[in-house]
Amino acid sequence: MSALILAVLLAALDQTIVSTALPRMAEDLDGFDDIAWVSAAYLLASTAVTPLWGKLGDMFGRKRLYLASTSVFLIASVACGLAQNLPELIGARVLQGVGGGGMIVLTFALVGDIVAPSERGRYQGMFGSVYGVASIVGPLLGGVFTDQLSWRWAFLVNLPVGIVALTIAARALPAAARSARARIDYLGATVLAAIATGLVLITSFGERWGWGSPAIVGLIAATVALALLLVPVERRAAAPVLPPAMPASRTVVFSSLIGFFANAAMFAVLVYLPTYLQIVHGVSATLSGIHMLPLVAGLVISQSLAGRWAAHVDRLRAILLAGLLANLAGLLLLGTIGAATDTLILSVYFLITGLGIGMVPMVVLTTVQNSVPATDLGAASAVVTFARSIGAAFGVAVFGTLVNTGFADRTHRLPTAGGFDAARPDTIGRLPAALRDTALDAFAHATATGYLWIAPTLAVGVLLALFLKPARKTGEPTASADRGDPGDLLATQSLDPARGTRPGQPALMRGQLRPTGPE
């Protein structure tokens, strides 16, 4: 578990650590116009390869692929740190995203391999906490490395930590059994990767290129066409990357949608609250991270408690609803913030929001893993991870558009002679003191309004959770499985009597590290 947690920490940090280092990268590598691709390249690659890593892990054993993806990530980290120009850095970030995507999805699937269904929630909760911490700590570390050493250390620091994680994993992870050999679904993987690429490009560059521009409209049309093409492609594949039972499963579909909406809200909070603190309250990047500690504390506490409660699988839906409602309450409270909101009040709002954020990801993933056969754990984990990644990109893009548009609408009449730009909130400091308060109020109001617009997405998640029926633990089929829902039947296999198990007993028990059914 220590090795897996370190790996997820590295992969999650590399989604956020570069944010504060981008200006210095652009200056050193002379690439201001295309610097946004440094972040987008990682997100695009890690999202696009997620389904393929998950399926290959099901087919060929997750340990060897986990070690391979971690190795790719570390090699790419060195390449990023040594890049001499922007194309080299972007290319290395793509390779780093390929490795990072595999590390994340295979970690989640490995937990499903080595932990009994009743314990999965507790362990998955650890990784949810890692994500939250990485979202806050990443920008701080990026700023510290950039100011004190060099932006290159934002990548090179991965090497010593990653080698430790790789060494532990190579020794400690069980060698999982492989499923029967089958032809890899190259066409399905390509179509799915193209869909992911389109979605990431749309969400990452929609505002920059213009939501109504030919490029974005063309990307939307192509992505929809590819999504329609994916269905017949996967039906004809011998070993589809996206098994047909998953889109037919209410548990998988509803859980993935909830993960999408929850991650959209979570990243709108984690990415933009530090910006609000730095611009409106005038704190440094380091102090903004300290102000965010109540949110991180709430996240860690709720992850821990939810993980313990999830041992009783019948409580999964109650935990999920509690988390979504707390998160929704937090967004509504954040919708009231202004330029003069007291720090103590903000801390309370942050704590409530963190408590809600922490409960959702673990329950979503555990619910899906408990509803599919052991042979599909990787693919199922990849579906949820894919949905959450797209949700994160969607949340950041949409919320950024809402804030920037709202700010521009309220400040377009302010003078620009001193260098103020209504399209860039970071130029507020260039305004005369008499007008600065007006601009700060405008940005705070735009941020609050953005959270009120994001809140309905969580309300949709609450409605979906009401109709979600988590599978029971230890091989008891759910009511929906009894009705023939192909994705909601727990993994039960005919076990080997020589190993002291009986028919109908779950294939994966705590301490039993390999599937024991037909291999």
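The values are calculated or read from the model by the stated rules, or taken from the named source; none is laboratory data. All figures in this text were calculated on a predicted structure; none of them were measured in a lab. Here the Cβ positions follow ideal geometry from the backbone for every residue, glycine too, while neighbour counts run over all protein chains shown.
When residues in the stretch 339-357 are screened for being assigned to a helix (DSSP H, G or I) and either within 22 Å of Ala459 (Cα to Cα) or hydroxyl-bearing (Ser, Thr, Tyr) (or both), 12 of them pass. For beta carbons closer than 8 Å, sequence separation of 6+ or different chains, a first residue in the stretch 346-375 that is modelled with pLDDT of 85 or more and a second that is of a type in the set (Ser, Thr, Tyr) and crowded, with 24+ Cβ neighbours inside 10 Å, the qualifying pairs are Gly354/Ser302; Leu355/Ser302; Gly356/Ser302. For the stretch 76-90, a tally of residues being assigned to a helix (DSSP H, G or I) and touching a residue at least 24 places away in the same chain (Cβ under 8 Å) returns 8. Screening Ala194 on (1) at pLDDT 80 or above; (2) assigned by TED's automatic domain parsing to the domain that holds Val78 shows it passes everything except condition (2). If you go through the stretch 223-248 and pick out every residue that is buried (at least 20 other Cβ atoms within 10 Å of the Cβ) and in contact with a Lys or Arg (Cβ under 6 Å, 6 or more places away or on another chain), you end up with 1.
Of the residues screened, Phe108 is not one that is at pLDDT below 85, surrounded by fewer than 23 Cβ atoms within 10 Å (Cβ to Cβ) and under 29 Å from Ala268 (Cα atoms). Looking across the stretch 190-222 at every residue that is surrounded by fewer than 18 Cβ atoms within 10 Å (Cβ to Cβ) and touching a Gly at 6+ places or on another chain (Cβ under 7 Å), the one that is nearest to Ala379 (Cα to Cα) is identified as Ala222.
For the stretch 325-338, the candidate set comprises residues that are surrounded by fewer than 18 Cβ atoms within 10 Å (Cβ to Cβ) and either of a type in the set (Lys, Arg) or not in a helix (DSSP H, G or I) (or both); within that set, the residue that is modelled with the lowest pLDDT is Gly338.
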